[in-house]
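In what follows, a single structure is set out as structure tokens and then discussed.
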Amino acid sequence: MAGKAGKPSRPRKADKDEEEQPLQAVLVADSFNRRFFPITKDQPRALLPLANVSMIDYTLEFLTSTGVQETFVFCCWMASKIKEHLQKSKWCRPTSPNVVHVITSDLYRSLGDVLRDVDAKTLVRSDFLLVYGDVVSNIDISQALQEHKQRRSMDKNVSVMTMIFKESPPGHKTRCEDDDIIIAMDGKSKRILHYQRAQALKRLHFPMNIFHSGSDEFEIRFDLLDCHISICSPQVAELFTDNFDYQTKNDFVRGLLVNEEILGNQIHMHVTKDGYGARVSNLLMYDTVSSDTIRRWVYPITPEANFADLEGQSCTHSRHNVYRETGVSLGHGSQMEENVLIGRNTMIGANCTISNTVIGANCVIGDNVTLDRAYIWNRVHIADDVKVKQSVICDNVEVKHGVVLNEQCVLAYNVVVGPDITLPEGTVLSMHHPDEEDDEDDDEFLSDDNDVGYRKDKTKLKVFNPAEVGSEGKGYRWKTSSLEDTEEDELAECIWGEILLNQFLYHGGKLFSNLDKVMLEYNPHIAFRTVWTWKRYIKMYLKTLVEQSLYVSSQLLKKWAPVFKNYVKRPQDQLDCLASMEEVFLERETHWAALVKVLMSMYQLEILEEEGIMHWFNQGSTTDKSQQLRRNQGLLKFIQWLQEAEESSEEDE
Amino acid sequence: MELQAVLMAAGGGSRMMDLTYNTPKPLLPVGNRPLIWYPLNLLERVGFEEVIVITTKEVQKALSTDQRLKTDVKMRLDVVCIQEETDMGTADALRHIQQKIKTDILVVSCDLITDVALHEVVDLFRAHNATLSMLMSKVHEFTDTVPGQKGKKKAGEQRDFVGVDVTGKRLLFMANEADLEEGLVFRKSIMRKHPRMLIKTGLLDAHLYCLKRSVVDFLVHNKSVTSIRGELVPYLVRKQFSKMFGVHNKCTSKEEALLQLARERSCWNDHRGDMSEAYHGGKLRCYVHIMEEGMCYRVNTLAAYIEANRVVPKLFEDPPIHPTAVVTERSLVGSDSIIGPYCQISDKTSIKRSNVGTSSTIKEKVKITNSIIMNGVTIEEGCNIQGSVICNNAVIGRGADMKYCLVGSGQCIEPEGENAVVQCSSGYTTHTKTHTLHFCSSVVFVLNPAFCVCVCVHSLAHVCLFFV
């Protein structure tokens, strides 16, 4: 706890010479989620090209232009690649006004881990900017920074964070439903009173206590886009250390708002109207931000500016936003209609129609190709008579003759498609098999040494399906496109919860031995956190269980028994488990019949004991509905049976 | 005729029973004019020629006899009487006069005193073809001590939450804090249409509404709605966002069809961001005009009554001293006071920041500050009256010293010998015992205990004297 030791002296020091401190930034070059899968299996998200420049370069350019002098880049997934990229970039040249430090660790699992490390290493001296490595922005932070400092000096460091938002009404192009947020703020002081992700909510609920702040004017705003840029005081990192269950910024903001009275910390906001700021959080946003960049909304960060100062990347800008780098050749009769960026040494055949498209370097495109809203990265070969609509085609992909890509297709690295095949909307192809386990990626619980048998099963299936990729194609079809992320309800709440859940369903009990390991390997600190999230897992698991057919669920339950046993040890755990089960069932009235079966199998598997169930049953239920649940015929019979069983066992003794 | 004006003047003034016990609320003098004159004047100023007045028999009689009102108000008053006992709500009253209503209506409450530019409200109604447009203003903080009440306003008062869109005109939400124990809940579809909602508290509803003719029809069909403010307005506000509404039938008239066409063809839109049609296709729209500055009072509490009396004289260019009043030269009447007709003010009397009503007599050596003296009051020599309200025809005996008192109409405060200090309060049956005690405690607070006499005038006109 080296960080703790140095703490008391730090804030005071920061107060004194706040003015002279150079502005620092923490750049998190990891998304801690899988929205870009399977593309990010080969390349970290921060390095994906956006208008032919890596996303992290946009972020660094934004930080530098806003006056940041020292940036800490935190990487986890494929850290070495990011490090390598940065070392080659202009940011690591001696002339760079922004000193970039790269900090890598495999242990970062969330934003919370990063900020706890910031605190432990005492990296920041005063207010700092916190951004992700996939933020594209040209917002002038200085005003917000000034407001932040003013608030801090006036209110004795009550305000710990200023979040930057961009005004964009619903239906605006840069909004995607995933990132919808609803904010209640104090009309005068710009203090955030309520912050909630609005995705998947039908009704928006604002507790009354937020209106008791003494103000008589409040604003409820649904027209804001979170730019994922925040001005934080060093306290933010300390708060993450103190509250080790905070994983995401969402946890932090909501935690702070809920506990405002206890902790006395406030969060403020700054809304920009004319700046551009967006986070490339999924492929839909990738599409939007790319086209915005080409359309020059992020001025002065434009393709022809070559702000990243890469050799040979300079391009010309002509009418209708057509950008061409050096060495581009265009065949006879080909048209670049509008908003087109073509990378160096790319050859385009005859009679092509290209609009709203970005093409990387060294690509070869055949004759009679139609590209609309296509994002084609480097060294891609596209044969004749291909049609592409709103799709992403990664490096080294080969698209053979006569292929048609419909909307929202993704061809990940090195895939070969065709010839003469039409890919339906939302197809995702990758060289990685979808069931191949992502051992080295950002999931802590999975490692490859277990379930070998399972692995063997899967390798048998590893044959390219010509119906999916064409007769000469190479690649596996993934289930759904990430562009269609919007339907995954839970994702917003708990990013890895959902992912883990999917894997649980695939692998059944594979997890439990790992969990043991986790318990032993990590320090108690982290282990506690695992338990904390565990309750949520139980709930989510049960949710799925209920929705599955009963056959499957009892199968799964058997596989899961060790996991449950591992965690449901004390009588209190049983009650917790039952309580969350009740909660789940209360939400789904139609599934009440299943409750008894689940209880029964849990009882038979010796996860739950009579005492626990009886205690839960006899507990005073608070709501009408839960009373109703308890009056369920099947349940009553089960309880009766339990009682009888108990009595008879007593008699036996 | 575009709008028919309806003046609601049948309210009993239940929140200031002290004053309205003998005088009906519409006839309470404010700045030496009956309260009802102010909304009438407001309507006349903007050019109404006729107004339907819904009131009680008593007020009707006064309206027909009051000469001054007759000369002041040139509009044709169509007075409709309702029985006091039936306890009719404002919506009931509208239903009662539905035969008279031919067009859209403008409903005004009789206790509204405002200098609002009324066209602001009506323009909203016209411009957006609204179903409802109403007037609100910032709540006034009454700083003065109110007679008979110690301390400030009751702290537990419930706030009204009013939600408007970003222009501050479209009314999206209205609720009282008391109904919001569970917190505010909005459907996401509403937020999508109006992504930036301002929630304001601390607004005063002026009870001035422009309503579509169809709303009256709706009232005729829905007899359960009794009050405009309590039920009808919240209902309309809510109904803006529901797909089914019974108020509007399909636009049948030619005019409306044309309006519809005009809106479809025009490139005007009420919102930005998405490309859906104006108003998102909603046919029912509520608007509110919120006065940022200017004066707006609803005289429905004692505090508001006192405040209105203080502020109103400044707005009308009447001479502060009525020509028929007799004011001796050796008295001192401040320019911030007004003296009504046929008053007699005697020597060595000083009147500051006060209103003295018609035919009142004020004898020598009286000092009146911050007070409201209604009509026909007699104040004997040597009184000192401060921050008090003296109702009609009261008689204040010699040498009374009153601070923050309220004397009911027709009451007589007996002289209590030389230098007697009298503190009086009036209370009526509606007052609870504690309330009465409350007055008394304020007496002790104000007066020298040795000479203190407390007079409590109760509803049955019996006078209790407490010698402390």
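Throughout, read-outs are computed from the coordinates displayed, never taken from laboratory work. Bear in mind that the values here come from a model prediction, so they are computed numbers and not experimental data. Because the Cβ atoms are built from the backbone with ideal geometry, glycine has one as well, and the counts that use them run over all protein chains shown.
Label-to-label distance, A:ARG631 versus B:SER224, with points set 7 angstrom from Cα along the beta-carbon direction: 2.6 nm. Using the Cβ-Cβ distance between B:ASP274 and A:GLU609 with R0 = 41 Å, the FRET efficiency computed as 1/(1 + (r/R0)^6) comes to roughly 0.15. Put in line by how crowded their Cβ is, counting other Cβ atoms within 10 Å and starting with the fewest, B:MET75, B:MET197, A:MET154 read A:MET154, B:MET75, B:MET197. Protection proxy ranking for B:316-328, B:400-412, using the average of other Cβ atoms within 10 Å per residue and placing the highest first: B:400-412, B:316-328. Each peptide in A:166-174, B:98-106 receives the mean, over its residues, of other Cβ atoms within 10 Å, and ordering these scores from highest gives A:166-174, B:98-106.
Placing R0 at 56 angstrom, the Cβ-Cβ distance between A:GLN619 and A:LYS389 gives a FRET efficiency of 0.45 after rounding to 0.05.
Pairs to check: A:LYS166/A:LYS190; B:LYS138/B:LYS169; B:LYS212/B:LYS283. Give those whose C-alpha atoms are more than 20 Å from each other in this structure.
none
Counting neighbouring beta carbons within 10 Å and listing from fewest to most, the residues B:ARG285, A:ARG296 come out as A:ARG296, B:ARG285.
Taking the number of Cβ atoms within 10 Å of each Cβ as an exposure proxy, the fewest-first ranking of B:CYS343, B:CYS81, B:CYS267, A:CYS176 is B:CYS267, B:CYS81, A:CYS176, B:CYS343. So which of A:LYS149/A:LYS173; A:LYS188/B:LYS188; A:LYS83/A:LYS389; B:LYS100/B:LYS254; A:LYS121/A:LYS188 end up more than 27 Å apart, counting from Cα to Cα? Over 27 Å Cα-Cα: A:LYS149/A:LYS173; A:LYS83/A:LYS389; A:LYS121/A:LYS188. Rg over Rh for segment A:24-283 works out to 0.95, both radii taken from alpha-carbon positions and Rh defined as the Kirkwood radius.
In loop segments of segment A:257-330 as defined by DSSP, the GluC sites (Glu not before Pro) with at most 10 further C-beta atoms inside 10 Å of their C-beta are A:GLU311. Charged side chains reduced to their Cβ positions (Lys and Arg at +1, Asp and Glu at -1) give segment A:281-406 a dipole of some 140 debye around its Cα centre. Loop-located GluC sites (Glu not before Pro) in segment B:16-54 (DSSP state other than H, G, I, E, B) with a sparse environment of at most 11 neighbouring Cβ atoms within 10 Å: B:GLU49. Value of Rg to Rh for segment B:319-413, rounded to two decimals, is 0.91; Kirkwood radius and Rg both from alpha-carbon coordinates. Counting only Cβ charges, +1 for Lys and Arg and -1 for Asp and Glu, the dipole size of segment B:1-114 around its Cα centre is about 260 debye. I need the calculated FRET efficiency for the pair B:GLU381 and B:ARG353, taking r as the beta carbon distance and R₀ as 22 Å, to the nearest 0.05. Between B:GLU381 and B:ARG353 the formula returns 0.55.
Take each residue in A:211-219, count the other chain C-beta atoms within 10 Å of its C-beta, and the mean is 5.
Using Cβ point charges alone (K and R +1, D and E -1), the dipole size of segment B:319-413 about the Cα centre works out to roughly 160 debye.
Could you tell me which residue out of B:SER360, B:THR378, B:SER337 lies farthest along the dipole of segment B:333-382 toward its positive end? Charges go on the beta carbon: Lys and Arg +1, Asp and Glu -1, centred on the Cα centre. Positive-most Cα among the choices belongs to B:SER337.
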